[in-house]
Amino acid sequence: MKLLFLSTSVGPLGSGLGGGVELTLLNIAQALVTLGHQITVVAPQGSKLPLPVEMVEISGALQVPAQTQTRDQPIEMPPNPVLGRMWDYARQVQARYDILVNFAYDWLPFYLTPFLQTPMAHLVSMGSLNDVMDQIVGAVVDQFPGSIGVYTRTQAETFPFANQCVALGSGLDLSLYEFCPEPEASLCWLGRISPEKGLEDAVAAVNKTRTPLKIMGQLQDVTYWETIQASYPNAPIQYLGFKTTQEMQEILRKCRALLVTSRWVEAFGNVLIESLACGVPVIAYARGGPTEIIQDGQTGWLVRPDSVPGLIAGIQKLDQISRQACRDQVEQDYALPVYGARVEQWLKNLLL
Ligand code: UDP
């Protein structure tokens, strides 16, 4: 197939502003190229993709991330929007491609679906956040059955059209993540520093247990981060900035566990499988994607959502988890070729 991938419009690829969908786009592209498909990626100016595929960079104002908006908020469009310009490009070149694959959680690409001649597939990377989005995605899936892909069933169930979504899971190039059998003392927290990620609970837990915590990720909400620091001035935490996958896994793999403290229904949580791939167990709130990933008591602990004592209990029981079991689970469930085959099938079905 000849595929045109349209990236998220909230940030350039490689910036971390797009969150897990940046890694997902890269992994899908890599898997499908391996299967012999041709891919061109359209993405905001400044994007970097460590893959030899054609990339078209488009300038313009970035879109506001959907998770910062309220449920009843109307759709916003900045002047000179990169999103509009990316889809104008897609309109012009669409005849060269079999499918246009949308990775943006934005209203416009869904709205445009019936107006374009080339079939479209949409990878919806978050749960339900906004009424206008729910309406437009629902309208698309009614008119184009099979065109909406999601990560997990739990994510799909946040939408009124749950049963019409195709759950694709996720996958990783496991060769990029090195297994570490013997950890150091630190715990790890990974992700965009933004209220829906609940970093303050991880900090509260390590403040109590006095376990060092290494934090890596895009600093998306500075005020939120400053409030956490002010609330726990003596917490044993270290913020290391946003790292590349290579740098991140070098630090992550030496940690005793990853803490995942999401307040929202996490659509998947790519950081969980990256952690397991290094042999690092995960202590996660039992909410959203993590409940479909973690095998409680085998590859980590699922704890009552929003319970700091639950996190602390998980930290105290870490010795019961085998790091080899973590790596084994990822090899079994999240290897890139298996994921690639599922995504390929989803796309092929749209051409029937
Ligand atoms: N990440 C990274 N460098 C960092 C911290 C995180 O590249 O220093 C990436 C990580 O690999 C993952 C993404 O950020 O792909 C976070 O995605 P996740 O699915 O966990 O959450 P989202 O941001 O999509 O809500």
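The values are calculated or read from the model by the stated rules, or taken from the named source; none is laboratory data. Please read these numbers as outputs of a predicted model, since none were measured by experiment. Note: ideal-geometry Cβ built from the backbone for every residue, glycine included; neighbour counts use all protein chains shown. Ligands, DNA and RNA are stripped out before the accessible areas are found, and what is left, the full protein with its side chains, is counted by its heavy atoms. Shrake-Rupley method; radii C 1.70, N 1.55, O 1.52, S 1.80 Å.
Scanning region 44-76 for residues that are hydrophobic (A, V, I, L, M, F, W, C), within 16 Å of the ligand (Cβ to nearest atom) and in contact (Cβ under 8 Å) with a residue 40 or more places away in the chain returns LEU62, VAL64, ALA66.
For region 111-129, the tally of residues that are open to solvent by less than 10 Å² (accessible area, probe 1.4 Å) and within 21 Å of GLU196 (Cβ to Cβ) stands at 3. Considering region 56-165, the qualifying helices (runs of 4 or more DSSP H), each wholly inside and each with 2 or more residues that are under 30 Å from ARG287 (Cα atoms), run over 107-112, 131-143, 153-156.
Considering each residue of region 12-26 in turn, none proves to be aliphatic (A, V, I, L, M), surrounded by fewer than 18 Cβ atoms within 10 Å (Cβ to Cβ), within 16 Å of the ligand (Cβ to nearest atom) and touching a residue at least 12 places away in the same chain (Cβ under 8 Å). Applying the condition of being within 10 Å of the ligand (Cβ to nearest atom) and hydroxyl-bearing (Ser, Thr, Tyr) to region 241-264 and asking which residue is surrounded by the most Cβ atoms within 10 Å (Cβ to Cβ) yields SER262.
The single condition among (1) of a type in the set (Gly, Ala, Ser); (2) closer than 26 Å to PRO12 by Cα; (3) within 15 Å of the chain's Cα centre (by Cα) that GLY241 does not satisfy is (3).
Candidates are the residues of region 161-187 that are closer than 28 Å to LEU32 by Cα and among the small types (Gly, Ala, Ser); the one that is farthest from the ligand (Cβ to nearest atom) is ALA162. Figure legend. Inter-residue proximity from region 95-117: first residues within 16 Å of THR8 (Cβ to Cβ), second residues at pLDDT below 95 and open to solvent by less than 30 Å² (accessible area, probe 1.4 Å), beta-carbon distance below 7 Å, spacing 6+ or different chains. Indicated pairs: TYR105/ALA66. Once region 276-295 is narrowed to residues that are outside any loop (DSSP other than H, G, I, E, B) and out of contact with any Pro (no Cβ under 8 Å at 6 or more places or on another chain), the residue that is nearest to LYS317 (Cα to Cα) is ILE283. Residue check: LEU168 meets all listed conditions (1) more than 14 Å from LEU350 (Cα to Cα); (2) open to solvent by 20 Å² or more (accessible area, probe 1.4 Å); (3) not polar (S, T, N, Q) but one, namely (2). Based on what the data block shows, is ARG327 of a type in the set (D, E, K, R) and closer than 14 Å to ALA202 by Cα? Judged against the criteria, ARG327 is not a match.
Only one of the numbered conditions (1) under 16 Å from TYR177 (Cα atoms); (2) touching a Gly at 6+ places or on another chain (Cβ under 7 Å) is violated by GLU331, and that is (2).
How many of the residues in region 188-240 are of a type in the set (S, T, N, Q), more than 16 Å from the ligand (Cβ to nearest atom) and out of contact with any Asp or Glu (no Cβ under 9 Å at 6 or more places or on another chain)? Break it down into steps so the answer makes sense when it comes.
Going residue by residue through region 188-240, those that are of a type in the set (S, T, N, Q) are 194, 207, 209, 211, 218, 220, 223, 227, 229, 231, 234, 238.
Now narrow it down to the ones that are more than 16 Å from the ligand (Cβ to nearest atom): 207, 209, 211, 223, 227, 229, 231, 234.
Then keep just the ones that are out of contact with any Asp or Glu (no Cβ under 9 Å at 6 or more places or on another chain); that gives 207, 209, 211, 223, 229, 234.
Qualifying residue count, region 188-240: 6.
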